[in-house]
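Heads up, the thing below is written out as structure tokens.
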Amino acid sequence: MIIGVGIDVAEIERFQASLERTPALAERLFVERELWLPSGERRGVASLAARFAAKEALAKALGAPSGLYWTDAEVVVEDSGQPRLRVTGTVAVRAAELGVRSWHVSLSHDAGVASAVVIAEG
């Protein structure tokens, strides 16, 4: 049973300007594993914008309640390349209240826009 669906888009150039204007913003939005590639390089801004869109979409799928922490939702990528969500803390509590047992996530970025769709399933 589908409990919620969320979709969000982020203009990559605008997102980059926000990160440059507020240097601490990245650490407020993302956990370390989201910021850095396994090679030790910083993840590209398009990829970060897509991850931010996924967090916004996830909040919408949960009914957009107040009090969720951005870092309580993490976008991880399987060895196959498929993205998935790892939720903890405030996000996990809200998901449990709604009966969410699994997540489906799709990320994309092209033509200056990053997007994400999240489906919460019970």
* Looking at SER39, SER47, SER66, which one is among the polar types (S, T, N, Q) and either closer than 22 Å to ALA17 by Cβ or in contact (Cβ under 8 Å) with a residue 24 or more places away in the chain (or both)? -> SER47
* **Criterion: assigned to a strand (DSSP E or B) and of a type outside the set (S, T, N, Q) - qualifying residue of GLU56, GLU34, GLU74** => GLU74
* Could you list, in sequence order, all residues of the range 1-52 that are of a type in the set (S, T, N, Q), modelled with pLDDT of 95 or more and either closer than 29 Å to GLU121 by Cα or out of contact with any Leu (no Cβ under 7 Å at 6 or more places or on another chain) (or both)? => GLN16, THR22, SER47
* Asked: Taking VAL91, is it buried (at least 16 other Cβ atoms within 10 Å of the Cβ), assigned to a loop (DSSP other than H, G, I, E, B) and in contact with a strand residue (DSSP E or B) (Cβ under 6 Å, 6 or more places away or on another chain)?
  -> no
* Can you tell me which residue within the range 94-122, out of those that are polar (S, T, N, Q) and within 28 Å of PHE15 (Cα to Cα), is surrounded by the most Cβ atoms within 10 Å (Cβ to Cβ)? => SER115
* Which of the residues spanning the range 1-31 are part of a strand (DSSP E or B), more than 12 Å from the chain's Cα centre (by Cα) and β-branched (Val, Ile, Thr)? -> ILE2, ILE3, VAL5
* Structure fact -> Those residues of the range 83-122 that are touching a Leu at 6+ places or on another chain (Cβ under 7 Å) and of a type in the set (Ser, Thr, Tyr) come to a total of 1
* Asked: Scanning for something over 18 Å from LEU35 (Cβ atoms), within 12 Å of the chain's Cα centre (by Cα) and surrounded by fewer than 20 Cβ atoms within 10 Å (Cβ to Cβ), does the range 65-81 turn up at least one residue?
  -> no
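The values are calculated or read from the model by the stated rules, or taken from the named source; none is laboratory data. Computed from a prediction, not measured in an experiment: that's the story for all the values here. As a convention, Cβ positions derive from the backbone with ideal geometry for all residues, glycine included, and neighbour counts pool all protein chains shown.
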